[in-house]
Amino acid sequence: MPTLPAHPNCRCALSAYWKDEKSNVEVARLKRKKNTEKRVTINKEKQRKLIAEFRKNGGKVWQDAEAEAYLKKKGANAIVLSEDLIALKNKPTISEVLEELYHVKQFRDGKIDLTNVSRYKAEIEAQNYLLSVKNLYNIPKEEILETKANLQYWKERLKNEKNRNY
Ligand SMILES: [Zn+2]
């Protein structure tokens, strides 16, 4: 089972890691979880095109029943496990694929280390990236809303983390 680097979760809204949070943002996300039945998923061909460059650079996608179970256990919809490996649901959304690929780049650029600050900053950057390409990739409205909520959430986490440290 791959474990490094320990970037816990992406499209992290649903992650078990954060479920004990009681902030307003968290409440909003838990509500949104119920709406995720309306997921707009992408087909294999579209996924293949999106990950072509990642594959060419040696990247691998873990996407089978085992991966599905792993994601479920982690409470995430997608996870980047290392700079060469991402785990996706069998039927991922375009936001999930784009976000993980973006995190891969961040790993390769050395932007993510084991500190929470680096991870929160990486998440903020990733959500901003998703918002910047929403028209380019025709990202569904539901996912844009989720991304905006995620952005707020990570900003809050970062702020709390900084208050703790200084
Ligand atoms: Zn993420």
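Taken together, the residues in segment 65-77 that are surrounded by 12 or more Cβ atoms within 10 Å (Cβ to Cβ) and either part of a loop (DSSP other than H, G, I, E, B) or not hydrophobic (A, V, I, L, M, F, W, C) (or both) amount to 7. The set of residues in segment 114-134 being touching a Lys or Arg at 6+ places or on another chain (Cβ under 8 Å), more than 11 Å from the ligand (Cβ to nearest atom) and in contact (Cβ under 8 Å) with a residue 24 or more places away in the chain consists of N116, V117, K121. Can you find a residue that is open to solvent by 40 Å² or more (accessible area, probe 1.4 Å), modelled with pLDDT of 90 or more and out of contact with any His (no Cβ under 8 Å at 6 or more places or on another chain) anywhere in segment 25-41? Among the residues of segment 25-41, at least one is open to solvent by 40 Å² or more (accessible area, probe 1.4 Å), modelled with pLDDT of 90 or more and out of contact with any His (no Cβ under 8 Å at 6 or more places or on another chain), which makes the answer yes. Going through (1) modelled with pLDDT under 95; (2) open to solvent by 10 Å² or more (accessible area, probe 1.4 Å) one by one, V104 falls short only on (2).
Is at least one residue of segment 84-98 assigned to a helix (DSSP H, G or I) and in contact with a Phe, Trp or Tyr (Cβ under 7 Å, 6 or more places away or on another chain)? Taking every residue of segment 84-98 in turn, at least one turns out to be assigned to a helix (DSSP H, G or I) and in contact with a Phe, Trp or Tyr (Cβ under 7 Å, 6 or more places away or on another chain). Whenever a residue of segment 69-86 is under 21 Å from K56 (Cα atoms), its partners that are more than 14 Å from the ligand (Cβ to nearest atom) and part of a loop (DSSP other than H, G, I, E, B), lying with C-beta atoms within less than 7 angstrom and at least six residues away or across chains, give the pairs A78/K89; L81/P2; S82/P2; S82/L4; D84/G58; D84/G59; L85/P2. Taking the criterion of being surrounded by fewer than 23 Cβ atoms within 10 Å (Cβ to Cβ), within 16 Å of the ligand (Cβ to nearest atom) and under 22 Å from L114 (Cα atoms), the residues of segment 82-97 that qualify are S82, E83, L85.
Identify, please: which residue in segment 121-166 is open to solvent by less than 20 Å² (accessible area, probe 1.4 Å) and not in a helix (DSSP H, G or I) and is, among those, modelled with the highest pLDDT? Filtering segment 121-166 for residues that are open to solvent by less than 20 Å² (accessible area, probe 1.4 Å) and not in a helix (DSSP H, G or I), the one modelled with the highest pLDDT comes out as V133.
The values are calculated or read from the model by the stated rules, or taken from the named source; none is laboratory data. This structure is a prediction, so every number in the text was calculated from the model and none was measured. Reconstructed Cβ throughout: ideal geometry from the backbone, glycine too, with neighbour counts over all protein chains shown. Accessible surface is based on the protein model in full, side chains and every heavy atom, while ligands, DNA and RNA are left aside. Shrake-Rupley method; radii C 1.70, N 1.55, O 1.52, S 1.80 Å.
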